[in-house]
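The values are calculated or read from the model by the stated rules, or taken from the named source; none is laboratory data. A quick note: this is a predicted structure, and the numbers were derived from the prediction, not measured. Note: ideal-geometry Cβ built from the backbone for every residue, glycine included; neighbour counts use all protein chains shown.
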Amino acid sequence: MHPEHAGLLAGLEALAPPPGKRPPPNYLGQGSHPLLGVSVPAKRSLARAWAVAHKTTAPAEVLAVVESLFAGASYDEKTLAPLILAAHRPARLAVRPHDVRRWLGGLVGWAEVDHLCQNLFPPEQLLADWPAWSGMIADLAADPEISRRRAALVLLTGPAKRSPDLRLRDLAFANLQALQGERDALVAKAVSWLLRALVVHHAREVAAWLEAHAAALPAIAVRETCGKLATGRKSGRPAA
């Protein structure tokens, strides 16, 4: 354990509710990883304070702490690591696709995966090293572990929503086609999420793709995407 990791773990333990008031095991789909029950706002504040105190620390040294946290035993340590990356831009920019792939190897369930993959890496970072990022993300779509198949979709959701770049769109459609038959909620909800993100810049293409693939898709993905196409809103209901 990195010395800075030890200090951050002490901070998490100080913020955690008493054991009797913590969420039940696997509450966030994290499998056997212990759950201290620290709230996301509290973890985010801890991460930001640490990042401010280490704003002149070299990215490689910050990544060593992040690496140690991802290897930690608890859900809270594993999900604090991405929050530190979000708060320390130089370290986040130093992350490479093979780092993300390695970290995903120790994550289980939607919450741990989404902390790392949801809106952490912007389109500019992916597109700057597109062959490496796209290859890694495409490989995740064929991974035998369902948590990593979810990551293949979630990693593209934020970038596809923020950027009209056709490389993001095309990889998103490829991964959606590869995973359209999944019915486990861990992937089915992410399919819907990515389709709705694509509507922002590629509504016409999403409508055509949805028509061609509706029979193979989870019903929730068809329903939510049709609602987004019709109203621009996830709920499918027009704005008041």
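So here's what we get for this one:
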{"read-out": "Cβ-Cβ under 8 Å pairs, at least 6 apart or on other chains, the range 193-210 side of a type in the set (Gly, Ala, Ser), far side modelled with pLDDT of 95 or more and surrounded by fewer than 23 Cβ atoms within 10 Å (Cβ to Cβ)", "value": "Ala197/Thr157; Ala197/Gly158; Ala197/Lys161"}
{"read-out": "Check on Ala132, within 24 Å of Leu28 (Cα to Cα), within 19 Å of the chain's Cα centre (by Cα) and surrounded by fewer than 23 Cβ atoms within 10 Å (Cβ to Cβ)", "value": "no"}
{"read-out": "Listing of helices (runs of 4 or more DSSP H) fully contained in the range 1-86 that carry 1 or more residues being among the β-branched types (Val, Ile, Thr) and out of contact with any Ser or Thr (no Cβ under 7 Å at 6 or more places or on another chain)", "value": "40-53, 59-70"}
{"read-out": "Filter result for Leu46 (over 30 Å from Asp184 (Cβ atoms), more than 18 Å from the chain's Cα centre (by Cα) and surrounded by 15 or more Cβ atoms within 10 Å (Cβ to Cβ))", "value": "yes"}
{"read-out": "Tabulated pairs, the range 213-232, first on the phi < 0 side of the Ramachandran plot and hydroxyl-bearing (Ser, Thr, Tyr), second crowded, with 17+ Cβ neighbours inside 10 Å and assigned to a helix (DSSP H, G or I), C-beta under 6 angstrom, 6+ apart or interchain", "value": "Thr225/Leu195; Thr225/Arg196; Thr225/Leu210"}
{"read-out": "Number of positions in the range 1-24 that are in contact (Cβ under 8 Å) with a residue 40 or more places away in the chain and over 23 Å from the mean Cα position of the chain (by Cα)", "value": "4"}
{"read-out": "All positions within the range 17-36 that are more than 17 Å from Val113 (Cα to Cα) and among the small types (Gly, Ala, Ser)", "value": "Gly20"}
{"read-out": "The range 135-164: number of residues that are over 10 Å from the mean Cα position of the chain (by Cα) and either assigned by TED's automatic domain parsing to the domain that holds Leu69 or closer than 24 Å to Pro90 by Cβ (or both)", "value": "5"}
{"read-out": "Some residue of the range 61-82 being among the hydroxyl-bearing types (Ser, Thr, Tyr), crowded, with 23+ Cβ neighbours inside 10 Å, under 30 Å from Ala142 (Cα atoms) and out of contact with any Leu (no Cβ under 6 Å at 6 or more places or on another chain)", "value": "yes"}
{"read-out": "Some residue of the range 50-62 being within 23 Å of Ala128 (Cβ to Cβ), under 16 Å from the mean Cα position of the chain (by Cα) and of a type outside the set (A, V, I, L, M, F, W, C)", "value": "no"}
{"read-out": "Flag if Arg148 is under 14 Å from His98 (Cα atoms) and either of a type in the set (Lys, Arg) or touching a strand residue (DSSP E or B) at 6+ places or on another chain (Cβ under 6 Å) (or both)", "value": "yes"}
{"read-out": "Top-ranked residue in the range 180-192 [being closer than 19 Å to Leu107 by Cβ and surrounded by 22 or more Cβ atoms within 10 Å (Cβ to Cβ); ranked as farthest from the chain's Cα centre (by Cα)]", "value": "Val187"}
